[in-house]
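Structure first, then comments.
The values are calculated or read from the model by the stated rules, or taken from the named source; none is laboratory data. Computed from a predicted structure; not experimentally measured. Counting neighbours? That spans all protein chains shown, and the Cβs are built from the backbone with ideal geometry, glycine included. Just so you know, the surface numbers come from the protein's heavy atoms only, side chains and all, with ligands and any DNA or RNA stripped out. Shrake-Rupley method; radii C 1.70, N 1.55, O 1.52, S 1.80 Å.
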Amino acid sequence: MSTAYRILVCCCLSYVISQFYRSANAVIGPDLMRELHLTPDDLGILTGAFFVTFAISQIPVGIALDRWGPRNTMLVTMAIAFVGALWFAAGDGLLELTMARVVLGFGCGALLTGPMVLFGRWFPPDRFATYSGILIAFGSLGVIASTAPLAWFSQTYGWRAAFHVTGGFTVLLMLLAWFTLRDNPEGTAPAAGKRESLADTIRGIGDVIRNRNFPYLFVIIFNAYATFITLLGLWSGPYLYDVHGLDTSARGNVLIFMAAGSALGYFAWGPLDRIFNTRKWLIAVGAGTQLACFSAIILIPGLPVWLVGGLFTLMATMNGSSVMIFAHARSVFPPALAGRGITTLNIGTMGGAAFQQILTGYLMGWLTPAGGHPDETAYRIVFGVQAALLAAALAYYLRVPDAKPNDAVQS
């Protein structure tokens with residue numbers, strides 16, 4: 001196996017743990033609420049804390065990726081994630097668990113963008129979406145692990161033991177990264193960012209933000225992934241519990257189909273930009289289908305659980321189109337700004353997730369009677385807010401020029 005493909009495998013395995021940490025609360029959320037006496041808005045804050053810190057971390061991570069390289073950056077952040085996993089396992093209240101999620105968010109901050117910078121250096125430009133899709137699809141194994149497997153493990157050994165185990169996996173992945181990752185192909189020059197002064201490196205973030213395409217890309221990425229992960233990582237489990245009465249095991253069984261659909265979606269969407277020679281309109285199809293699924297759940301009360309599960313799974317599959325946003329962005333920013341471009345944009349990914357999770361947490365708390373549980377109407381209102389945000393973002397994004405893979409090859 002060539003060095004490039006060994007790097008691909010290592011990056012995919014590392015991203016699994018990031019996806020697990022960000023999604024685990026959907027299954028264990030009701031258990032945390034019951035054991036630690038948390039409210040729905042507490043759960044929204046606790047879950048969203050990961051994404052707030054992840055978003056904030058993208059500025060220093062972007063600088064580090066361009067200046068010190070993906071390998072060193074990923075090793076340091078994985079060590080931080082290990083600390084966060086142990087802290088979460090030991091947490092006894094909202095404050096401790098929230099702080100642990102803060103640390104986990106920073107610790108996972110380079111496990112998506114670091115690999116994307118590496119792919120830009122090790123693979124041809126027109127294959128960026130394909131390998132990014134493989135990365136995110138493989139990382140979805142972490143989402144799958146956070147559904148039925150986590151539900152079974154938590155019922156058998158407890159949710160604290162689950163985080164001890166994942167902390168151990170994090171250490172193993174650090175060792176693999178140490179021996180596998182290389183910043184540049186042999187014989188190529190180091191990234192331009194390493195020759196910049198620190199002040200110039202920081203100023204490069206301004207160059208990214210001033211790019212004329214940046215606002216459109218930021219708005220769609222702020223909402224596209226946020227809508228999906230707020231559903232999968234926060235409200236899908238409580239919805240299945242409160243509206244359909246599913247226990248932990250049954251919730252995990254439904255959500256594993258959603259997670260599998262997400263993985264399948266990223267694999268399927270990755271190569272489509274080269275087939276159809278568009279990225280913009282693939283994003284439109286994916287987001288539009290998600291809006292149609294949301295509309296069915298919002299507008300039709302009393303849907304059977306099998307149909308809700310099918311709609312959730314279809315939404316997860318269509319969310320794979322969001323990989324095109326990163327491919328679109330990679331074609332916009334020059335190589336010297338690749339790390340800062342992708343990470344600055346990725347602030348929107350995680351910032352949007354934090355915003356939606358905290359917003360919907362407060363909204364759900366307001367809609368829930370004191371001492372009671374949310375009813376179906378409350379969930380339909382929350383889902384309606386998410387759908388409205390996604391629809392507005394899509395309408396704004398469609399004003400941006402397309403980024404066609406064939407143009408990158410010809411240039």
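Values for this structure:
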| quantity | calculated |
| --- | --- |
| Distance cut-off 27 Å, percentage of C-alpha pairs in the chain lying past it | 46 percent |
| Gaussian network model of the chain, Cα within-10 Å springs - most flexible of Gly168, Gly109, Gly69 | Gly168 |
| Centroid-to-centroid separation of region 152-182 and region 344-407 [C-alpha atoms, Å] | 30 Å |
| Highest-fluctuation residue, Leu94, Leu172, Leu394 considered, GNM on the chain with Cα pairs under 10 Å | Leu172 |
| Region 18-75 - Rg (one decimal) and Dmax (whole number), Cα, Å | 15.4, 46 |
| Among Gly120, Gly339, Gly93: highest mean-square fluctuation, GNM of the chain, C-alpha pairs under 10 Å | Gly93 |
| Whole-Å semi-axes of region 115-268's equivalent ellipsoid (Cα gyration tensor) | 36, 22, 15 |
| Separation in nanometres of the label points that stand 7 Å from Cα toward Cβ, at Thr3 and Trp306 | 5.4 nm |
| Average Cα contact separation per residue, region 137-291, under 8 Å, 6 or more apart, as relative contact order % | 47 percent |
| Angle in degrees between helix 214-230 and the longest Cα principal axis of the chain, rounded to the nearest 10 | 40 degrees |
| Rounded tilt (10° steps) of 376-397 against the dominant C-alpha axis of the chain | 20 degrees |
| For region 70-228, with +1 on Lys and Arg beta carbons and -1 on Asp and Glu, the positive-most of Gly107, Phe82, Ile134 along the dipole | Ile134 |
| Percent carbon-and-sulfur accessible area, the chain, ignoring ligands, DNA and RNA, probe 1.4 Å | 68 percent |
| Enclosed volume per residue, in Å³, of the convex hull spanned by Cα atoms of region 345-411 | 108 Å³ |
| Cα pair distances in region 210-302, grouped into 5 Å bins until the bin that holds the longest one, percent each | 2, 10, 16, 22, 19, 13, 9, 5, 3, 1 |
| Solvent-accessible area per residue for the chain (1.4 angstrom probe, square angstrom) | 37 Å² |
| Loop-exposed trypsin sites (Lys or Arg not before Pro) per DSSP, neighbour cap 14 Cβ within 10 angstrom, longest uninterrupted part of the chain | 1-211 |
| Average projection area in nm² (convex hull over Cα atoms of region 1-160, one quarter of hull surface) | 9.8 nm² |
| Simple spin-label estimate for Trp178 and Arg212 in nanometres, 7 Å along Cα-Cβ | 4.9 nm |
| Degrees, to the nearest 10: 25-36 long Cα axis against longest axis of the chain | 50 degrees |
